[in-house]
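S.K.: Just passing along the structure, written as C-alpha cells.
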Amino acid sequence: MKKTIVITGATGVLGNLAAKTFAERGDNIVLLDRDQVKLDSLTASLNLPSNRIHAQVIDLLDAQTLHDSAEAVHSKFGSIHALIHLVGGWVGGKTIPESSKEDFEFMLNQHAWTTFNLFQSFAPHIASAGWGRVIVVSQPVTVKPAARSAIYAAAKSAQESLALTLAEEYKDSGLTANIIHVKSIDIKGDAPREGTSPAEIVSAMLYLFSEDAGKVNGTRIPLYG
C-alpha cells in the first residue's frame, strides 16, 4: 500500500537518502526543512509528480504553522502514515557549570520542542490512518550520559521520553514509535567501527516499516558496534 511519509531535516545526508529510498518504493513524500535552496534541489532530484510530493520550508518551533502544515498534508494525500524526525544538532564539550543557559535552550528547541510540536500536529493524523510509524534517531548518551555532554543528553532524553510516551498512548491504534540509537553517523565511510552509515540507518527504518515489525514499539534499537 502506498504510504505518506513526513521527513524532517530532509536535506541532510540521512534525510536525503531516506527520501530517495521511500520515493523509490512508491510512497508519497513530505519534505520539511529550513533551507529553501537545498529543499528545491532535493525535490528536483526525486523527480516525483506533484501528486506524490509536498515540500515546505518551515520552522518546527512554530506550532501553529506546523499544525496548518499537517492539515494541508492530510488534505492533499487523504492520510498520513509516518513521521521520520531527523532534525538534530549538538552542543557540548563543557561541564554543567561551564554550560550556558542559551546553549541549553538551543538544544531543547532542536530536540524537545520540535518533537513536541510535530507529535501534537501529526500524531493524531497518523493514528487515524490505522497504520503508522514514528521514528527518531538518537544516541546512547541518553542511557549513559558522558562527561561534558549534559545539555545534549538532557535534550535528547526529553525527545526520547516524548517518543516512548507516544508509543504507549497510541499502541492500540496501529501506530508504533521507536528510537534508532547510533553513536555517530558515518557519512564519509571512514569510521566503520564507531559510526553507523546512513544506509544502515535507512535499512533499520525499512525494517520498522515492514509488517514483521508491527509489534516493535516503544523501543531503543541499538545500531552501533
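Each value in this text was obtained by applying a stated rule to the coordinates, not by laboratory testing. From a predicted model like this one, the values you see are computed outputs, not experimental measurements. For neighbour counting, all protein chains shown are included, and Cβ atoms are generated from backbone atoms with ideal geometry for every residue, glycine included.
S.K.: Of the residues Ile84, Ile80, which single one is outside any loop (DSSP other than H, G, I, E, B) and buried (at least 21 other Cβ atoms within 10 Å of the Cβ)?
M.R.: Ile84
S.K.: For segment 114-158, what are the residues that are over 17 Å from Leu32 (Cα atoms), part of a helix (DSSP H, G or I) and not aliphatic (A, V, I, L, M)?
M.R.: Those that are over 17 Å from Leu32 (Cα atoms), part of a helix (DSSP H, G or I) and not aliphatic (A, V, I, L, M): Pro124, Ser128, Pro140, Thr142, Tyr152, Lys156, Ser157.
S.K.: Restricting the first residue to segment 137-154 and requiring it to be touching a residue at least 40 places away in the same chain (Cβ under 8 Å) and aromatic (Phe, Trp, Tyr), which pairs with a second residue that is surrounded by fewer than 20 Cβ atoms within 10 Å (Cβ to Cβ) and outside any helix (DSSP H, G or I) meet a Cβ separation below 6 Å and a spacing of at least six or different chains?
M.R.: From residues that are touching a residue at least 40 places away in the same chain (Cβ under 8 Å) and aromatic (Phe, Trp, Tyr), the pairs are Tyr152/Trp90; Tyr152/Gly92.
S.K.: Within segment 1-42, can you find the residues that are among the hydroxyl-bearing types (Ser, Thr, Tyr) and part of a strand (DSSP E or B)?
M.R.: Across segment 1-42, the qualifying residues are Thr4, Thr8.
S.K.: Take His54 and tell me if it is under 18 Å from the mean Cα position of the chain (by Cα), closer than 18 Å to Ser79 by Cβ and surrounded by fewer than 15 Cβ atoms within 10 Å (Cβ to Cβ).
M.R.: no
S.K.: Collect the residues in segment 136-180 that are acidic (Asp, Glu) and closer than 20 Å to Trp113 by Cα, keeping them in residue-number order.
M.R.: Result: Glu160, Glu168, Glu169.
S.K.: Among (1) closer than 30 Å to Ala146 by Cα; (2) outside any loop (DSSP other than H, G, I, E, B); (3) among the basic types (Lys, Arg), where does Lys94 come up short?
M.R.: (2)
S.K.: Quick test for you: out of Phe116, Phe122, Phe104, pick the one residue that is more than 20 Å from Val182 (Cβ to Cβ), crowded, with 22+ Cβ neighbours inside 10 Å, of a type outside the set (A, V, I, L, M) and touching a helix residue (DSSP H, G or I) at 6+ places or on another chain (Cβ under 7 Å).
M.R.: Phe122
S.K.: OK, next. Starting from residues that are in contact with a Leu (Cβ under 9 Å, 6 or more places away or on another chain) and among the hydrophobic types (A, V, I, L, M, F, W, C), keep the ones in segment 13-29 and report whichever is surrounded by the most Cβ atoms within 10 Å (Cβ to Cβ).
M.R.: Among them, the one singled out is Ala19.
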